[in-house]
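Trainee: Pasting a structure here, questions to come.
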Amino acid sequence: MRKYFLIMKRECLYIWRDRTLRNIIIFGPILGILLFAYVYRMQVIQDIPTAIVDLDHSSQSCELREDLEAAQNLKVTDYPADYSDMETMIENGDIVVGIVIPEGYGKNITLKRQTRILAVIDGSNITFATPASSAIMEVTQTISAETGIKILVGMGMTLDEAQNAYQSIEFRQEAWYNPTLNYAYFLILALALNIWQQCCTLTAAVNVIGEIGMSSWLQIKASGISKLALFGSKSIVHLTIFMLLVLPVYFLAFVVFKLPLHCNFGLLLLFTFVFSIAIHSIGTMMSSLTNNAVDSSRLGMMVALPSFVLCGYTWPLEAMPAVIQKAAWILPQTWFFQGYNFMVFKGAEFNMLSYYFVAMLIIALVCYGISIIAVSWLER
Amino acid sequence: MRSITKIAYYEVLHILKDPILFVVVFLAPIAYVTLFGAVYFSGLLSNIPMAIVDLDHSELSREIENAYANSPYFNIVEDVDTYEELQTAMQMGEIRSGVVIPEDLQKNTSLHRHTEVLTVYDGSNLIWGYNIQKKNIEVIKQFNSENTVAYLAGKGLSSVEISSIVNAVDFNITVWYNPNINYTYFLFMGLVMMILHQLGLLSVSLTVSREKERHSWSQYLSSVLSVQQIIMGKCLPYFIINFFNYTLLLWISAQFIHVKIEGGVLLIIILGLLYDIIITFTGFFISLKAYNSLQITRCLLLLSIPLFFLSGYTWPWAYMYEPISSLGKIMPYSWMAKGFRMVTLKNLGIAEVGVIILVMVLMALAAIIINVTFNKTQKPVQETPLSVNAGNSYPRKRHV
């Protein structure tokens, strides 16, 4: 028992004395969550910068402007004199939505003639374009209905009848799990956990090569310490460190920033622990297949980096080609971030996630197995 | 010139002989672009799995069902008949959207009593959330419009009269630059620029640290070569390779991923060259100052995600806390991603992109100038006193 304890103590000392790694793993995840919290401090897309070009200047166009100003999520910031000014503003990214009220708008409305209003949306940034598009469609639907009702009343229909023509059925939209479509809820913790898993990969990437590549390896072999005892003890230290590192991240996320947590925290911790085993196994595998720590770190990160794009947390797996969808499930990050989404937002319980746990453990077994084979082969 | 080409030649030999470096320099950019290209190839969300809980089973409720079934965006999932089943299916991720048609919808509608249809969607993934919200509004708008037309026709109005009423104010909603709101156009080139940034920086930043680890850097320092010759010789191969990768990745993106790359070729080349200069010379400076290759590898790769999100490429700077957005503004990636989008997606010219080019010129000059300050007689950066088991050189095969 004392032997294992001494190996663990030695590993703690080694990690502590590796200044770069120490700083990265201590500060990386915490700085990550603080950074992303301040990046997404506005949390939701609202006040989308909008400009209105009023070429009519009639009382009707003034009324329309007021309706547009009152629209949810749009914020009218400018009133350019003409279309070209609005075009320049969109090109420069000063506004996202531009609305042009044509000349003769008021006259056409009075004469019950059709009139066409142009609404332009800058589609170059979809973060803005999609909610802007929804906001414009909603406000235009309301304006069209109000105008239609006025015309019908003018034609002699009762107000009730006219309203029925436009409001026969009301549709209510509800976003479940994240009702305000809050970006902070969606991204802050996930991105911080992504930084954390990269730090874990870097730590695990020196697990094997940090021993068998050193002169001290001969001493370790001569002392009769088995490889299982050595690497098992080292791995226990790594996994303990990984969990200690994630705790302040969760504290900041759920206590300080009050991000939603709809599942049992203990279950989330257990899920994170199983994921950390899987991540550790990948790092260990890389460290047993390469000739030095630099190559091992490079390979580990080359897998860890694209994993967030591939895992389907942002761009949905369902929208990816079938081959990529299947390949993505090879990565433990896919199991973790999909499961994390289910837990944090949807309050998933153990029975729903049991095969996520099993999948990550199988990945860990495979990667540890490859490491054992690689080390045994080199030891022949 | 001869000395520069000689140094460059030996640097190329290093790249060719180090298999991992060879992969990072030549294969990884293509592999990443292919992978991300495949991920974002569809670019649009369609076939959104939706369940309709029809508690009314009337003609009107079937009309609502048809409105969704006829939409190209939704794929109706059968066997969800109750609200509880809809909740479970949504929780399990089997559906992403649902419609609940209440009992007596038709009856209440005909009696002009207030009644509402509930449409729900999964907000746990905002790409699903915002897209479903938008598609829902489109379907509802279309349905309501048809309903209004039918109602007015029932009141005995002629089709001309109906048209003039329904289209009294016709909004022509146009999305510029990316009409279908395609995610490939939006995100993909940002990722390509990040690939070039990180892999470019990673490869060039090992050039001096590797020499230090092999104890050959002192030969450079003690030689008659000038500082400029060393810098140029070391940087030249990476500058050429990085620009080659830039053009290659743009070609792959346009040819195979069908990303929209418009705008002036000259501007695209200028942006690429400036970006390349900044990456190459910054990488050399990092290499000069770093303790070892391992430190560089660890730190650089870890920066990828923060750099991407700080750049304002997805979440705008105006929405960030100001010191954080200021941090984003000093990163070359932020300007390159913005400039490239303005040229290739918005098709803008030098008048609009001029400021970005100026900023990048200043950054390129700064990157060159900080390297020129390197003094051959200066004491090299020391390895950390105790590297223990995370040292960068492990002659494994000799010991095992």
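Trainee: Hey, can you tell me all the residues within segment A:345-364 that are part of a loop (DSSP other than H, G, I, E, B) and either among the acidic types (Asp, Glu) or touching a Ser or Thr at 6+ places or on another chain (Cβ under 8 Å) (or both)?
Mentor: Hit for segment A:345-364 is A:GLU349, nothing else.
Trainee: Taking B:PHE285, is it aromatic (Phe, Trp, Tyr), within 18 Å of B:ALA366 (Cβ to Cβ), more than 7 Å from chain A (Cβ to nearest Cβ) and touching a residue at least 24 places away in the same chain (Cβ under 8 Å)?
Mentor: Yes, satisfied.
Trainee: Report yes if some residue within segment B:121-129 is at the interface with chain A (Cβ under 7 Å from one of its Cβ atoms) and touching a residue at least 60 places away in the same chain (Cβ under 8 Å); otherwise report no.
Mentor: Yes, that holds for at least one residue.
Trainee: Given A:THR334, A:THR290, which one is of a type in the set (Ser, Thr, Tyr) and more than 11 Å from every other protein chain (Cβ to nearest Cβ)? Walk me through how you get there before you give the answer.
Mentor: Values: A:THR290 fails: more than 11 Å from every other protein chain (Cβ to nearest Cβ).
Every option except A:THR334 fails the conditions.
Trainee: Another question, then. Give A:VAL309, A:VAL323 a once-over and let me know the one that is surrounded by fewer than 17 Cβ atoms within 10 Å (Cβ to Cβ), within 11 Å of another protein chain (Cβ to nearest Cβ), without any contact (Cβ under 8 Å) to a residue 60 or more places away in the chain and within 25 Å of the chain's Cα centre (by Cα).
Mentor: A:VAL323
Trainee: Here's something else I'd like to know. Which of the helices (runs of 4 or more DSSP H) contained wholly in segment A:101-215 include at least 2 residues that are at the interface with chain B (Cβ under 7 Å from one of its Cβ atoms), among the small types (Gly, Ala, Ser) and under 30 Å from B:GLU116 (Cα atoms)?
Mentor: Result: A:126-154.
Trainee: Considering each residue of segment A:326-338, count those that are farther than 24 Å from A:ILE126 by Cβ and surrounded by 24 or more Cβ atoms within 10 Å (Cβ to Cβ), and give that number.
Mentor: Residues that pass the stated criteria total 3.
Trainee: Now a separate question. Sort through A:GLN72, A:GLN43 and tell me the only one that's at the interface with another protein chain (Cβ under 10 Å from one of its Cβ atoms), part of a loop (DSSP other than H, G, I, E, B), out of contact with any strand residue (DSSP E or B) (no Cβ under 9 Å at 6 or more places or on another chain) and modelled with pLDDT under 90. Can you show your working first?
Mentor: Numbers: A:GLN72 fails: at the interface with another protein chain (Cβ under 10 Å from one of its Cβ atoms).
Going through A:GLN72, A:GLN43 in turn, just one is at the interface with another protein chain (Cβ under 10 Å from one of its Cβ atoms), part of a loop (DSSP other than H, G, I, E, B), out of contact with any strand residue (DSSP E or B) (no Cβ under 9 Å at 6 or more places or on another chain) and modelled with pLDDT under 90: A:GLN43.
Trainee: Return yes or no: is B:ILE305 surrounded by 18 or more Cβ atoms within 10 Å (Cβ to Cβ) and in the same structural domain as B:VAL204 (by TED's automatic domain parsing)?
Mentor: Considered against the rule, which asks whether it is surrounded by 18 or more Cβ atoms within 10 Å (Cβ to Cβ) and in the same structural domain as B:VAL204 (by TED's automatic domain parsing), B:ILE305 comes out as yes.
For every residue, the table says whether it meets (1) assigned by TED's automatic domain parsing to the domain that holds A:THR20; (2) part of a helix (DSSP H, G or I); (3) at pLDDT 95 or above.
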| position | (1), (2), (3) |
| --- | --- |
| A:LEU239 | yes, yes, yes |
| A:VAL255 | yes, yes, yes |
| A:LEU270 | yes, yes, yes |
| A:ILE277 | yes, yes, yes |
| A:LEU299 | yes, yes, no |
| A:GLY312 | yes, no, no |
| A:LYS326 | yes, yes, no |
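Trainee: Within the group A:ASP54, A:ASP67, which residue is modelled with pLDDT under 90 and either farther than 30 Å from B:THR344 by Cβ or within 9 Å of chain B (Cβ to nearest Cβ) (or both)?
Mentor: Just one listed residue meets the conditions, A:ASP67.
The values are calculated or read from the model by the stated rules, or taken from the named source; none is laboratory data. Source: prediction; values computed, not measured. Positions of Cβ are backbone-derived with ideal geometry, glycine not excepted, and every protein chain shown enters the neighbour counts.
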